[in-house]
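**Student:** Structure incoming, see below.
The numbers here are math on the coordinates, done by the rules we state, and not lab data. This is a predicted model, so every value here is computed, not measured. Cβ coordinates were reconstructed from backbone atoms using ideal geometry, including for glycine residues, and neighbour counts include every protein chain displayed.
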Amino acid sequence: MKSWEPRIEELPKADLQRMQYKLLKSLVYRLYSFSPFYHDRMKEQRVHPDDIRELSDVKKLPFMFKRDLRDNYPDKLFTASQDELVRYHVSSGTTGKPTVVAYTQNDLNNWTTSLARGLTSFGL
């Protein structure tokens with residue numbers, strides 16, 4: 001089967017899991033350190049970034065709910081600076097308050113790659 005990024009998609013399972021763990025650990029530290037919302041949510045859940053010692057520890061992390069997007073409207077969940085944000089998606093607010101999601105160029109690049117991987121995986 002054709003791969004979009006063979007270097008990543010054909011990694012041995014152990015190497016893939018090491019990479020996933022490293023990315024998870026980095027994300028958790030960033031959110032804990034730079035987002036008051038996530039910092040508080042993790043404290044409520046009694047989880048600290050140091051508690052994430054393996055990939056399966058992802059289950060210790062708190063969930064985010066749609067109401068969190070509404071309650072923190074418009075931008076209290078952003079961890080990137082305004083200068084880094086290149087695209088915004090805003091809902092219509094059919095339940096009362098719209099939700100806003102913002103993306104950096106890196107987010108869009110990752111999104112594009114993810115879609116390309118998916119489309120390639122089924123033959124397009």
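**Student:** Could you work out how much longer the chain between Thr94 and Arg7 gets when fully extended? Use 0.36 nm per residue separation minus the Cα distance between them, nm to one decimal. Walk me through the numbers before you get to the answer.
**Tutor:** Numbers: separation 87, 0.36 × 87 = 31.32 nm, distance 4.30 nm.
The Thr94-Arg7 span can extend by a further 27.0 nm.
**Student:** Same structure, new question: Place a point 7 Å from Cα of Ser56 in the direction of its Cβ. Which residues in segment 19-40 have their backbone N less than 18 Å from it?
**Tutor:** Counting backbone N atoms under 18 Å from the label point, the list is 19-22, 24-25.
**Student:** On to the next question. Provide the gained length on full extension for the span Glu84 to Ser26, in nm with one decimal, where the gain is 0.36 nm per separating residue minus the Cα-Cα distance. Numbers along the way, then the final one.
**Tutor:** Working: separation 58, 0.36 × 58 = 20.88 nm, distance 1.85 nm.
Stretched fully, the Glu84-Ser26 segment lengthens by 19.0 nm.
**Student:** Here's a follow-up. Between Gln105 and Arg46, what's the calculated FRET efficiency when r is the beta-carbon distance and R0 is 35 Å? Round to 0.05. The partial results should precede the final answer.
**Tutor:** Numbers: r = 35 Å, r/R0 = 1.01.
It comes out at approximately 0.50.
**Student:** Another question, then. Label point 7 Å out from Phe37 along Cα-to-Cβ: which residues of segment 100-120 have amide N under 16 Å?
**Tutor:** Once the point is set 7 Å along Cα→Cβ of Phe37, 100-104 turn out to lie under 16 Å by backbone N, inside segment 100-120.
**Student:** Next question, about the same structure. Which GluC sites (Glu not before Pro) in segment 1-56 pass both tests, a DSSP loop state and at most 14 other beta-carbon atoms within 10 Å? Working shown, then result.
**Tutor:** Details: sites: Glu9, Glu10, Glu44, Glu54; in loops: Glu10, Glu54.
When the GluC sites (Glu not before Pro) of segment 1-56 are filtered for loop state and at most 14 Cβ neighbours within 10 Å, Glu10, Glu54 remain.
**Student:** In debye, nearest 20, what is the charge dipole magnitude of the chain about its Cα centre with +1 on Lys and Arg Cβ and -1 on Asp and Glu Cβ, if you could check? Write out the running numbers ahead of the final one.
**Tutor:** On the way: 20 positive and 16 negative charges, 61 e Å.
Roughly 300 debye, rounded to the nearest 20.
**Student:** Continuing with the same structure: Using the C-alpha atoms of segment 1-63, what convex hull volume per residue, in cubic angstrom, is computed? Please report the intermediate quantities before stating the final value.
**Tutor:** Numbers: hull volume 6.8 nm³, N = 63.
So the per-residue hull volume is 107 Å³.
**Student:** I need to check one value: relative contact order of the chain, counting alpha carbon pairs closer than 8 Å and at least 6 residues apart, in percent. Could you put the intermediate results ahead of the total?
**Tutor:** Working: 97 pairs, mean separation 31.5, N = 124.
Worked out over the chain, it gives 25 percent.
**Student:** Right, something else. Run the simple label-point estimate for Thr113 and Lys76 please: 7 Å along Cα→C-beta, distance reported in nm.
**Tutor:** Here the answer is 3.3 nm between the modelled labels.
**Student:** Quick one: which residues, 5 or more positions from Thr104 or on another chain, have an amide H under 5 Å from its amide H? H modelled 1.01 Å from N in the peptide plane, none for Pro or chain starts.
**Tutor:** Val86
**Student:** Rounded to the nearest 500, what is the 222 nm mean residue ellipticity of the chain from helices alone, with -39500 (n - 2.57) per DSSP H run of 4+ residues and division by all residues?
**Tutor:** Working: 5 runs with 58 residues, N = 124.
That comes out to -14500 deg cm²/dmol.
**Student:** Here's another thing I want to ask about it. For the pairs Lys59/Lys97; Lys25/Lys66; Lys13/Lys97; Lys25/Lys76, note any where the Cα-Cα span goes beyond 32 Å.
**Tutor:** Details: Lys59/Lys97 30 Å; Lys25/Lys66 24 Å; Lys13/Lys97 43 Å; Lys25/Lys76 22 Å.
In this structure, Lys13/Lys97 lie more than 32 Å apart at Cα.
**Student:** Right, another one. State, in angstrom, two size descriptors of the chain derived from its alpha carbons: Rg to one decimal place and Dmax to the nearest whole number.
**Tutor:** When restricted to Cα atoms, the chain yields Rg and Dmax of 17.1, 47 Å.
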